[in-house]
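J.: Dumping the structure here so I can ask a few things about it.
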Ligand SMILES: Cc1ncc(C[n+]2csc(CCOP(=O)(O)OP(=O)(O)O)c2C)c(N)n1
Ligand code: SF4
Ligand SMILES: [Mg+2]
């Protein structure tokens, strides 16, 4: 049987090679021209603890982590018990025979560590696994050897030794799998993309996008799943005029980037839900005093400390309205690793363009998954600069109802950036006429951020699907499956949630029903759409896991059937 | 505000100590202009929330840049401005409530970093703007609007706190001596690292301590104010501790550690260890 799609779940304890095996398989596959995506979960403890990662290999670009598990690699018995149910009919289970034995007829044992040790390279255990997996789908040996060569040829004295032990490990894995007699089919040969690619995680894409956009100042406080952005910045945002720093809290992070934004720098921080809560007052100040800055919220589950290592889309209301008083933050919510890059560039551009805070909302599932994406052509990714004041002293920074040039400290045009309501010079005032003017001014600037790109398909349908953020991938797969079945449903998607592109809003208003699958209890985006007078209804899930395509297909059909019934009644 | 702005609707009470601090800061900025030739706009005044923070709107003459933000966050805002644009001179003005209570969590880390900003703390031993509640420096036992039966918390000694937290320049002054205070502020500005000028700036409405500070011979009240003698060695931490233990209101430089590099300096040295890469090179790391 020819397969276009191959899904492997690796499960075990932290430290057993669950993640390295999955990422190794993904890298080996992309190297020879397949597309790959991993979905990672984390143990919530430092040593050990149950964890799993899924790798999906396809001949075509990938949208989701896949819910048909072809192979489960169980590194220990608990992993087998937890995940065996997820294996599709006809699927295979490989268990770590060094750790336990079992008799499931779908399974065979692989002595992962002892086989690795027999090559003289204890660290080659994941290669044993990759070799066995390759055998199950008849992936040619030379593909794997090319990967090993590319990965381990580093100009060290013992390169040859390392490479040959890794190749031997793969051969042993292959041999064991062949002897087991299990076969899944033949993975179709890859269609190597004719463009340059990158293989990276969502958080890395955000960091690269921000850097391209000109971020020069970064302050952050460690928190899962945003920490990797801080670490990336501390390592890479170095050199003249650049500054990255771990400060003492999210309150320090937001206020420090506010100071930097005021002083003329493109400034950013990244955090997760608990940090957004602490940044509330600072975000309000940036809105009030009109100071450009970008806050990345890599969402995780739950209120308070919640579920630090799971994925959820439950911060939307909190990010739109993070602060007291009349505020409404611009929100960009990328829906893929690739969009994390472009979303980050645009978030920085927006902050500079409208002179205020912008929130970029990502999710744990995108932050930590590895995916191949087309390498962005930077010559085509525009970077915007702030409108700065060039005149003399005596300037009225906050005059009028529209955006005005921003003075840079050190030069003429001094003013007070004031978090109290203020007059045109930035002095505190309580005059009703000023509060009216300034409130309208702050909201009017949002118009500068309208008119953005959105996706639409089958637009004449009366019912449409509209996911947001990281649910885009699975929902798009569900949409494709529904269309294939002949279901008349439309598709809308944008990462620009606020302000929403006005044309998109108008199209959505014309629908009988807009179905919004989202990973939260309240149906937060569906609620926002109702503010916009769109007839929306959510499909919610709050498991800490992403949507499964098959379940989405069923639930969409149910909602459509109900709607037809109501329409008839 | 260079001239009277009819829209600005905040006024200090007549006789408020903060007038003197304002005068001192104006002198200090002019002194700095004369010393360095850098324009007044080279100064950024980061103000806390309180009667004290309104100083940023009430400055007369040439206007510096200012940020009048949120309660308690002057230090991290100032760090942001300074590390973004080290060529700017960054000055914090904040009240005792703003700086030592809600903002207290920022003193230790910013002192450890030795961020090169100058903080002028305007201590009136009370929350003025919110009408007379107790603050960390309100005396234990004092009756205020929020301690109707007397304050039950030990009062904080800010000078000792700054010493303990490792602030590298500490001075103490009185708002009634603007020229003296200006000199202390200038010395703080010239210090390469975090400087704190703690000022007694009495609130005539809710906690009038002028008489206690200056004394009143007729009523037999000895002045709390005393000048730090010339033989005090501000480079000695022990001498500084001994000095603040003497109580009263010392005027002068208490402690000055010039051996430590500022955050800018330390960032400059770690830069040598890091390799700066272009965006293309950074992307190459993910290419395959
Ligand atoms: C988060 C927050 N909490 C409370 C307040 C109310 N508030 C404004 S000023 C102030 C105290 C000011 O005391 P201090 O810093 O000593 O300044 P002073 O008025 O005495 O100069 C308080 C509690 C506020 N603005 N923000
Ligand atoms: S209340 Fe006190 S601190 Fe505030 S202006 Fe009046 S005298 Fe000054
Ligand atoms: Mg006070």
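J.: Which residues, counting only those in region B:199-226, are more than 16 Å from ligand 2 (Cβ to nearest atom) and touching a helix residue (DSSP H, G or I) at 6+ places or on another chain (Cβ under 9 Å)?
T.: Correct list: B:219, B:221, B:223, B:224, B:225.
J.: Another question, then. Can you go through B:100, B:156 and tell me which one is within 13 Å of ligand 3 (Cβ to nearest atom), part of a helix (DSSP H, G or I) and either more than 14 Å from chain A (Cβ to nearest Cβ) or surrounded by fewer than 21 Cβ atoms within 10 Å (Cβ to Cβ) (or both)?
T.: Just one listed residue meets the conditions, B:100.
J.: Moving on. From the list B:128, B:97, pick out the single residue that is more than 20 Å from residue B:191 (Cα to Cα), more than 16 Å from the chain's Cα centre (by Cα) and within 16 Å of ligand 2 (Cβ to nearest atom).
T.: Just a single option satisfies the conditions, and that option is B:128.
J.: I'm told residue B:170 meets every condition in (1) under 17 Å from the mean Cα position of the chain (by Cα); (2) part of a loop (DSSP other than H, G, I, E, B); (3) more than 12 Å from ligand 1 (Cβ to nearest atom) except one. Can you identify the failing condition by its number?
T.: Of everything listed in (1) under 17 Å from the mean Cα position of the chain (by Cα); (2) part of a loop (DSSP other than H, G, I, E, B); (3) more than 12 Å from ligand 1 (Cβ to nearest atom), residue B:170 misses just condition (2).
J.: Hey, residue A:321 hits all of (1) farther than 19 Å from residue A:454 by Cβ; (2) more than 14 Å from chain B (Cβ to nearest Cβ); (3) at pLDDT 95 or above; (4) touching a strand residue (DSSP E or B) at 6+ places or on another chain (Cβ under 7 Å) but one; which does it fall short on?
T.: Of (1) farther than 19 Å from residue A:454 by Cβ; (2) more than 14 Å from chain B (Cβ to nearest Cβ); (3) at pLDDT 95 or above; (4) touching a strand residue (DSSP E or B) at 6+ places or on another chain (Cβ under 7 Å), only one is false for residue A:321: (4).
J.: Does region A:422-444 hold any residues that are over 13 Å from residue B:57 (Cα atoms) and touching a strand residue (DSSP E or B) at 6+ places or on another chain (Cβ under 8 Å), and which are they?
T.: Within region A:422-444, A:434, A:438 qualify.
J.: Working carefully through the options B:150, B:193, B:141, find the one that is buried (at least 23 other Cβ atoms within 10 Å of the Cβ), more than 15 Å from ligand 1 (Cβ to nearest atom), more than 14 Å from chain A (Cβ to nearest Cβ) and on the phi > 0 side of the Ramachandran plot.
T.: Being buried (at least 23 other Cβ atoms within 10 Å of the Cβ), more than 15 Å from ligand 1 (Cβ to nearest atom), more than 14 Å from chain A (Cβ to nearest Cβ) and on the phi > 0 side of the Ramachandran plot holds for just one of B:150, B:193, B:141, which is B:193.
J.: Can you pull out the residues in region B:50-71 that are facing another protein chain (nearest Cβ under 9 Å) and either surrounded by fewer than 24 Cβ atoms within 10 Å (Cβ to Cβ) or closer than 23 Å to residue A:395 by Cα (or both)?
T.: Once the filter is applied, which keeps residues that are facing another protein chain (nearest Cβ under 9 Å) and either surrounded by fewer than 24 Cβ atoms within 10 Å (Cβ to Cβ) or closer than 23 Å to residue A:395 by Cα (or both), region B:50-71 yields B:54, B:56, B:57, B:62, B:63, B:64, B:65, B:66, B:67, B:68, B:69, B:71.
J.: Here's something else I'd like to know. Name the residues in region A:368-383 that are touching a residue at least 60 places away in the same chain (Cβ under 8 Å) and either assigned to a loop (DSSP other than H, G, I, E, B) or buried (at least 17 other Cβ atoms within 10 Å of the Cβ) (or both), would you? Spell out the reasoning first.
T.: Keep residues of region A:368-383 that are touching a residue at least 60 places away in the same chain (Cβ under 8 Å), which gives A:368-376, A:378, A:381, A:383.
Answer for region A:368-383, where residues must be touching a residue at least 60 places away in the same chain (Cβ under 8 Å) and either assigned to a loop (DSSP other than H, G, I, E, B) or buried (at least 17 other Cβ atoms within 10 Å of the Cβ) (or both): A:368, A:369, A:370, A:371, A:372, A:373, A:375, A:376, A:381, A:383.
J.: Report the residue count in region A:185-201 for those that are in a loop (DSSP other than H, G, I, E, B) and closer than 29 Å to residue A:91 by Cβ.
T.: Going through region A:185-201 one residue at a time, the tally reaches 7.
J.: Something else now. Can you report the number of residues in region B:230-283 which are assigned to a helix (DSSP H, G or I), more than 9 Å from chain A (Cβ to nearest Cβ) and more than 25 Å from residue B:212 (Cα to Cα)?
T.: 9
J.: For region A:242-256, which residues satisfy the criterion of being touching a helix residue (DSSP H, G or I) at 6+ places or on another chain (Cβ under 6 Å), facing chain B (nearest Cβ under 9 Å) and part of a helix (DSSP H, G or I)?
T.: Selection gives A:251, A:252, A:254, A:255, A:256.
J.: Regarding residue B:29, is this residue within 8 Å of chain A (Cβ to nearest Cβ) and either in contact with a strand residue (DSSP E or B) (Cβ under 8 Å, 6 or more places away or on another chain) or away from ligand 1 (no atom under 16 Å from the Cβ) (or both)?
T.: no
J.: Next question, about the same structure. Which residues, taken from region A:498-520, are under 20 Å from the mean Cα position of the chain (by Cα) and under 23 Å from residue A:549 (Cα atoms)?
T.: A:516, A:517, A:518, A:519, A:520
J.: Within region A:512-564, can you find the residues that are farther than 29 Å from residue A:307 by Cα and at pLDDT below 95?
T.: If the condition is that a residue be farther than 29 Å from residue A:307 by Cα and at pLDDT below 95, then A:564 is the only one that fits.
J.: Give the residue, chosen from A:156, A:171, that is in the same structural domain as residue A:8 (by TED's automatic domain parsing), more than 23 Å from residue A:15 (Cβ to Cβ) and surrounded by 14 or more Cβ atoms within 10 Å (Cβ to Cβ).
T.: The match here is A:171.
J.: Among (1) surrounded by fewer than 24 Cβ atoms within 10 Å (Cβ to Cβ); (2) over 30 Å from residue A:46 (Cα atoms); (3) within 14 Å of chain B (Cβ to nearest Cβ), where does residue A:231 come up short?
T.: (2)
J.: Wholly within region A:1-98, which strands (runs of 3 or more DSSP E) include no fewer than the required count, namely at least 1 residues that are in contact with a helix residue (DSSP H, G or I) (Cβ under 9 Å, 6 or more places away or on another chain) and farther than 25 Å from residue A:114 by Cβ?
T.: On the way: elements: A:5-13, A:35-40, A:50-58, A:69-74, A:87-96.
By residue number, A:5-13, A:35-40, A:50-58, A:69-74.
J.: Restricting to region A:424-457, what's the tally of residues that are closer than 25 Å to residue A:393 by Cβ and within 14 Å of chain B (Cβ to nearest Cβ)?
T.: 10
J.: With respect to residue B:167, is the statement that it is farther than 19 Å from residue B:26 by Cβ and crowded, with 19+ Cβ neighbours inside 10 Å true?
T.: yes
J.: Condition check: within 16 Å of ligand 1 (Cβ to nearest atom), crowded, with 19+ Cβ neighbours inside 10 Å and without any contact (Cβ under 8 Å) to a residue 24 or more places away in the chain. Does residue B:201 satisfy that?
T.: Considered against the rule, which asks whether it is within 16 Å of ligand 1 (Cβ to nearest atom), crowded, with 19+ Cβ neighbours inside 10 Å and without any contact (Cβ under 8 Å) to a residue 24 or more places away in the chain, residue B:201 comes out as no.
J.: Can I ask one more? Any idea which of B:45, B:93, B:81, B:21 is touching a strand residue (DSSP E or B) at 6+ places or on another chain (Cβ under 9 Å), facing another protein chain (nearest Cβ under 7 Å) and not in a loop (DSSP other than H, G, I, E, B)?
T.: Going through B:45, B:93, B:81, B:21 in turn, just one is touching a strand residue (DSSP E or B) at 6+ places or on another chain (Cβ under 9 Å), facing another protein chain (nearest Cβ under 7 Å) and not in a loop (DSSP other than H, G, I, E, B): B:81.
J.: Going through A:302, A:275, A:239, A:264 one at a time, which residue ends up being surrounded by fewer than 24 Cβ atoms within 10 Å (Cβ to Cβ) and more than 12 Å from chain B (Cβ to nearest Cβ)?
T.: Going through A:302, A:275, A:239, A:264 in turn, the sole match is A:302.
J.: Consider residue A:282 carefully, then state whether it is in a helix (DSSP H, G or I), in contact with a helix residue (DSSP H, G or I) (Cβ under 6 Å, 6 or more places away or on another chain) and at the interface with another protein chain (Cβ under 8 Å from one of its Cβ atoms).
T.: yes
J.: Give the residues of region A:388-411 that are within 12 Å of chain B (Cβ to nearest Cβ) and more than 15 Å from residue A:356 (Cβ to Cβ), sorted by residue number.
T.: Passing the criteria: A:389, A:392, A:393, A:394, A:395, A:396, A:407, A:408, A:409, A:410, A:411.
J.: For region B:14-32, how many residues meet the condition of being over 30 Å from residue B:209 (Cα atoms) and either within 11 Å of ligand 2 (Cβ to nearest atom) or without any contact (Cβ under 8 Å) to a residue 24 or more places away in the chain (or both)?
T.: 0
J.: Continuing with the same structure: Going by what's in this entry, would residue B:80 be described as crowded, with 24+ Cβ neighbours inside 10 Å and away from ligand 3 (no atom under 16 Å from the Cβ)?
T.: Yes; evaluated as a whole, the condition is true for this residue.
The values are calculated or read from the model by the stated rules, or taken from the named source; none is laboratory data. Because the structure is a prediction, the values reported are computed rather than measured. Please note: Cβ atoms are built from the backbone with ideal geometry, for glycine as well, and neighbour counts cover all protein chains shown.
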